[in-house]
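Quick note: the coordinates plus some simple rules give every number you see, no bench work behind them. These numbers come from a predicted model, not from an experiment. Here the Cβ is made from the backbone with ideal geometry for all residues, glycine too, and neighbour counts use every protein chain on show.
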Amino acid sequence: MESKSDSNIDYWLLVPMAGLIVIGLMAIFSATNGAGETILFYRQLVWGLIGVVAVAFVIFNDARFIRDNSYIFYVIGILMLIAVLIFGRKIAGQTSWFKIGFFSFQPSEIAKMATILALAKFLSDDDTDIHSIPHFLIALAIALIPAVLIMLQPDMGTTLTCLSFVIPMIVMAGFDIYILMLVAFPLILVLSGFFNIYFIISLAVLEFIALVAWKRKFQFHQLFVVLSGLGVSLLTGTFASSILKPHQMKRIQIFLDPLSDPQGAGYNTLQAKIAISSGGILGKGFLHGTQTQLRFIPAQWTDFIFCVIAEELGFIGAALLLSCYLILILRLTNVIFAIKNKFVELTVAGFVSLMFVHVVINVGMTIGLIPVIGVPLPFVSYGGSSLVGNMIMVGLAMNFYRNRRLLGY
């Protein structure tokens, strides 16, 4: 492999990522300071240093090695998900972690990355025809197998994010988006567990719109996909009441009306809104957020860390955080257009989709636009496996850009 100079490294991928990590470390220190849990800050710092080493290793690795061994990475990820169900540590009702000394490791974060690579490898193979039923079902199976294993933990938030990149990647591979809409919406609702009569009605409307917008003549395989999607819709509507669990029904109720249980299930959402709104334009100052330091915000160094940033750094700090995400996503999108390689395009598109959905869900649930489902904020929330996994994803994109002449065939 020919040597590459440092000028081939896209540092604009490093800058926003570094900014997000720094903001995250500040927020974790502040969130744990009042709780006497500053050890979590130092653990996150160690994970960040591990991530730096991992990124450097990935950047200067052979891009073809990553592509050619995608299925091996995928199998390792699946085996880890199976192992965690058997030997994993149960935390907050979820068997999602391995305990390694003072650190906990969540294999689902690595499995998501491995699934993107495997799906990109399959969809980019010359022998793959995404319009054929067998190949379409194989592509879905690649994504659904880890999603089902994660759902068994049970971790519905991670399950949803694990499916977030499937539609963009399949559409980029050439599948008709209208057909995909007809089968994807019911499937997502079934796996998410967030549906009631309003979701069923919305689903029926979306299915109808997709069907009307689809102007092509029906062929056998297209008719099969459509009927499958409509069949799942009917089953969803019929068995919705028996599928929904009490805590899922409660989340929907609180999402619609947080004041219905202000001291119980609605407490998290209400405190999050108070913290964000009290930050104002400039914030209360680092380590001076009352909601944060007095621990009114639950899970304030994980799922609700955005509240800490908005309260102490204000609108300016929150805007800076979101700007870092925007720059990072735009630079990742630039990699897609800069390299004419189908595997690279699909892989980076999967990364972008996964990151975008994480940010939208996390920020959305803290401001009350989305039900609380426990999704971390990439690079910012406490969690070493999530941090290292996201850093490796950016490292892979930098590797692709660095080797763009080799891959751009």
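Phi angles across region 123-132 convert, under the Karplus curve 6.51 cos²θ - 1.76 cosθ + 1.60 with θ = phi - 60°, into 3J(HN,Hα) values of 5, 8, 5, 5, 7, 7, 10, 5, 7, 7 Hz, Gly and Pro given as x. For region 310-368, trypsin sites (Lys or Arg not before Pro) meeting the loop criterion (DSSP other than H, G, I, E, B) and having at most 12 other Cβ atoms within 10 Å: Lys340. Is the shape of region 38-151 best called rounded, prolate or oblate, per the rule: a/c under 1.5 gives rounded, else a/b larger than b/c gives prolate, else oblate, with a ≥ b ≥ c the square roots of the Cα gyration tensor eigenvalues? Cα axes put region 38-151 in the oblate bin. Per residue, the convex hull spanned by the alpha carbons of region 318-369 comes to 59 Å³.
Under the combined filter of DSSP loop state and at most 10 neighbouring Cβ atoms within 10 Å, region 73-126 retains these chymotrypsin sites (Phe, Trp or Tyr not before Pro): Phe102. Relative protection proxy for 349-355, 125-131, 63-69, from highest mean packing down: 349-355, 63-69, 125-131 (other beta-carbon atoms within 10 angstrom). Among 76-82, 384-390, the peptide with the highest mean count of other Cβ atoms within 10 Å heads the list, and the full ranking is 384-390, 76-82. Extension gain, Ser323-Asn8: 0.36 nm per intervening residue step, less the Cα-Cα distance, totals 111.0 nm.
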